[in-house]
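**Q** Structure below; questions to follow.
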Amino acid sequence: MKTTTKLFLRLAIAAGFLSAVADRFGLWPQAQSFWGNWNNFVNYTQTLNPWLPGKMVSILAIIVTVLEIAFAIFLLIGFKTSLFAKLSGFMLLLFALAMTYSLGIKAPLDYSVYIASGAAFALSTLKEKYLEIG
C-alpha cells in the first residue's frame, strides 16, 4: 500500500504543478482557467507579494514557473523523490503563507495549498522506492 500511496502522491503533486503552469500559458480552456495567460499570472504574483518591487515580480514569476516544471518532472520520474518532495512542500508552504498574508486564510484553504504542502512533506518521508530512477 505504501508504494501505491507514494506513486499517487508523486503523480498528484506533479499534476498540480503542471496544471498551474499550463493555466498561466493559456493551455486550459478559458472556462476552466484561473489566470488564463502569463500577464494575469504576473499580476497575481504581485498581489501575493505586494512588498516586492515591480521589476522583481516578473523574475519571481519566471523562477516559480521553472521550479514548478522542474519539480513536477523530477517527481514524475522519481528522481531524488524525497528531496524534491521536501522542496515542493516548502515552495507550496510559501505559496500558502503568501496567500494567507495577502488574501486571507480562505483562499489557501479553498485551493488546498496547505494540504498540498502537507502531502509533499508526507511524500518526502516515504523511503521505499517504487517506479523511481534515483
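**Q** Using a Förster radius of 30 Å, what is the FRET efficiency between Leu83 and Asn39 based on their Cβ-Cβ separation? Nearest 0.05, please.
**A** The value I calculate is 0.35.
**Q** In addition: Of [x] 53, 24, 19; [y] 40, 35, 27; [z] 43, 28, 27, which one was derived for Cα extents along the principal axes in Å from the structure shown?
**A** [z]
**Q** Let me ask something additional. Working from Cα positions, state the angle (0 to 90°, nearest 10) between the long axis of helix 38-48 and the longest principal axis of the chain.
**A** Helix 38-48 sits roughly 90 degrees off the main axis of the chain.
**Q** Within a 10 angstrom radius of the beta carbon, how do Asp23, Asp110 rank from fewest other beta carbons to most?
**A** Asp110, Asp23
**Q** Continuing with this model, one more query. Add -39500 (n - 2.57) for each DSSP H run of 4 or more in the chain, then divide by its residues: what number comes out at 222 nm, to the nearest 500 deg cm²/dmol?
**A** -24500 deg cm²/dmol
**Q** Measure nothing fancy, just the Cα-based angle from helix 81-103's long axis to the longest principal axis of the chain, in degrees from 0 to 90, nearest 10.
**A** The two axes meet at around 30 degrees.
**Q** Which lysines does Lys127 reach when only Cα atoms under 26 Å apart count, and residues fewer than 8 places away in its own chain are ignored?
**A** Cα-Cα hits under 26 Å: Lys2, Lys6, Lys80, Lys86.
**Q** Using label points projected 7 Å from each Cα along Cα→Cβ, tell me how many nm separate Ile115 and Ile133, to one decimal.
**A** Distance between label points: 3.1 nm.
**Q** Label Ala15 and Leu94 with points 7 Å out from Cα along Cα→Cβ: what is the distance between them in nm?
**A** Each label point is offset 7 Å from its Cα along the Cβ direction, giving 2.6 nm.
**Q** Using a simple spin-label model with points 7 Å from Cα along the Cα→Cβ vector, what separation in nm is obtained for Ala122 and Ile69?
**A** That separation, rounded to one decimal, is 3.0 nm.
**Q** Give the separation of the Cα centroids, segment 80-134 to segment 12-64, in Å.
**A** So the separation of the two Cα centres works out to 17 Å.
**Q** Looking at segment 49-134, which chymotrypsin sites (Phe, Trp or Tyr not before Pro) are in a loop (DSSP not H, G, I, E or B) and have at most 12 other Cβ atoms within 10 Å?
**A** Taking segment 49-134 and a limit of 12 other Cβ atoms within 10 Å, the loop chymotrypsin sites (Phe, Trp or Tyr not before Pro) found are Trp51.
**Q** Quick one: putting +1 on the C-beta of Lys and Arg, -1 on the C-beta of Asp and Glu, what dipole do you get for segment 23-128 around its Cα centre, in Debye to the nearest 20?
**A** About 180 debye.
**Q** Which whole-number percentage describes the relative contact order of segment 48-134, with Cα contacts under 8 Å and a sequence gap of 6 or more?
**A** Across segment 48-134, relative contact order equals 37 percent.
**Q** Please name whichever of Gly26, Tyr44, Ala70 sits farthest to the positive end of the charge dipole of the chain, dipole taken about the Cα centre and charges placed at Cβ: Lys and Arg +1, Asp and Glu -1.
**A** Ala70
**Q** Compute the helix-to-body angle for 54-77: its Cα long axis versus the longest principal axis of the chain, expressed 0 to 90° and rounded to tens.
**A** Computed tilt is about 20 degrees.
**Q** If neighbour count is taken as other Cβ atoms inside 10 Å, put Lys129, Lys80, Lys6 in order from fewest to most.
**A** If I rank by nearby Cβ atoms, fewest first, I get Lys129, Lys80, Lys6.
Only the coordinates and a few stated rules stand behind these numbers; no lab work does. None of the values given here were measured: they were computed from a predicted structure. Heads up, the Cβs are rebuilt from the backbone with ideal geometry, glycines too, and the neighbour counts pull from every protein chain shown.
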